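Every number here is computed from the coordinates shown, using simple stated rules; none is lab data. Given the structure is predicted, the values throughout are model-derived calculations rather than measurements.
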Amino acid sequence: MSPDRLRAWAPELALAAAVLLIGLVEASRAKPFWEDWWDLAFVVAGIATAVGLSRRAPGTAIGLVWLVCLLQLGSGTPVLLAQASIAVVLFGAARWGSPAVVALSGLSIPLGAVTVVLFAASEVYDALAGFLDYTSVIDSAYRFGTSWQVAASLLGMLVLGSPWLAGLVLRFVSRAEQSRLSQVAAEEDAARAVQESEQAREIARLGEEQARMARDVHDVVGHSLAVILAQAESAQYVEDADSEKLKDTLATIATSARTSLQDVRQVLTSTQGATSSDRGAGLDSLVDGVRSSGHEVVSTVVGRPQPLPPELETVAYRVLQEMLTNAIRHGRRDSPVTVERHWEGELRIEVRNAVADDTTQPLRTLTPDAAGTTPATAPGQGVDGMRRRLAAVGGRLDVRRRDEADGATFTATAWVPVRGGA
């Protein structure tokens, strides 16, 4: 046996050794009254072994006790005081035994008590009076009739049942404590899971906020730079003598740059994703800004415009802003940009422009191919941003190139629900 196992078994071994020592001393003193000393030694050894196994193998210990008692009855070996240590075995069976062992040990209590009473009352053991000196007690008890055996049996059940009940109580207390500890551990795990979930949500929220800010900065800066670039290019064609027109162009460039800077500041300081310019200026301001840069814009509105919730107004504003930016960047300056807004149950925004042959960049489509159209194949960050914005509010986007008789055109169409959650 390893040192660790020996230390684990030390309490049981010490208790078994004590029972063995006491029993052998008692058996040696009984020798004048009982000649077969080895029978007594066998009883002592069996009980001591059962005591040693009472914790690690309580079922085996109960079986060993019954085996010793049956052999003791068969051989007529007298009862020893050391056998009172059976109480330890009963305690161990109730405390650490399986449910079956607990039940069997409980049934053993009345059966064992009755057996001991009948064993002590047997006339066969009258010759043992000098050893245990219980014959005079039994003779006195017989004066009250046989009812004393019932009382003695009940007393024996009480004596044997007390350690068994104590073990059972400790068993339930231990299980209740384990259940409490398990519940505490489960609650701690649940609290930890909630905390981790909250941290994950916070990280996701921060990630979404950063992505939103990046999209807003892209939209604001991209649109403003496209307008500024168009105005700067148009200034090249202003005659030197027309200083007023040149001043107006430069003033428009300065206004666009100032507006862009203000929008970027608002985006960086906003926590809700919508700036005051998004909500207050409206879609017409975007069309007017492109028109003031020198681009011809044909704008039509079909249906009666409806007020949009702030979130949807921001989405419509940013999407139209990106559409106009792409039209300026990739379109032909000598062809107008067509902007249509249809208010028919939902807001449909369509921007169409002629494609400049040397600057065409294919875009990605989100809908099935239609007759006479070619879906775009390569994504752009602006298109992806529009797509994410629209998908977040239940909208959709279609961007495709159309080859027509007078040249190729790009058409971007966005559907924005009029009410949130549509």
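Some points to look at:
- Taking 0.36 nm per residue of sequence separation and removing the Cα-Cα distance, the V25/Q183 pair yields an extension gain of 51.8 nm.
- Net length gained if the chain between A408 and A45 were fully extended (0.36 nm per residue, minus Cα distance): 120.0 nm
- Estimated at 0.36 nm per residue, the fully extended path between D334 and A103 surpasses their Cα-Cα distance by 73.2 nm.
- A simple rule links phi to the HN-Hα coupling: the Karplus curve 6.51 cos²θ - 1.76 cosθ + 1.60 with θ = phi - 60°, which for the range 245-251 gives 5, 5, 5, 4, 5, 5, 5 Hz, with x for Gly and Pro.
- Here the Karplus curve 6.51 cos²θ - 1.76 cosθ + 1.60, taken at θ = phi - 60°, turns the phi angles of the range 257-262 into couplings of 5, 5, 4, 4, 4, 5 Hz, with x standing for Gly and Pro.
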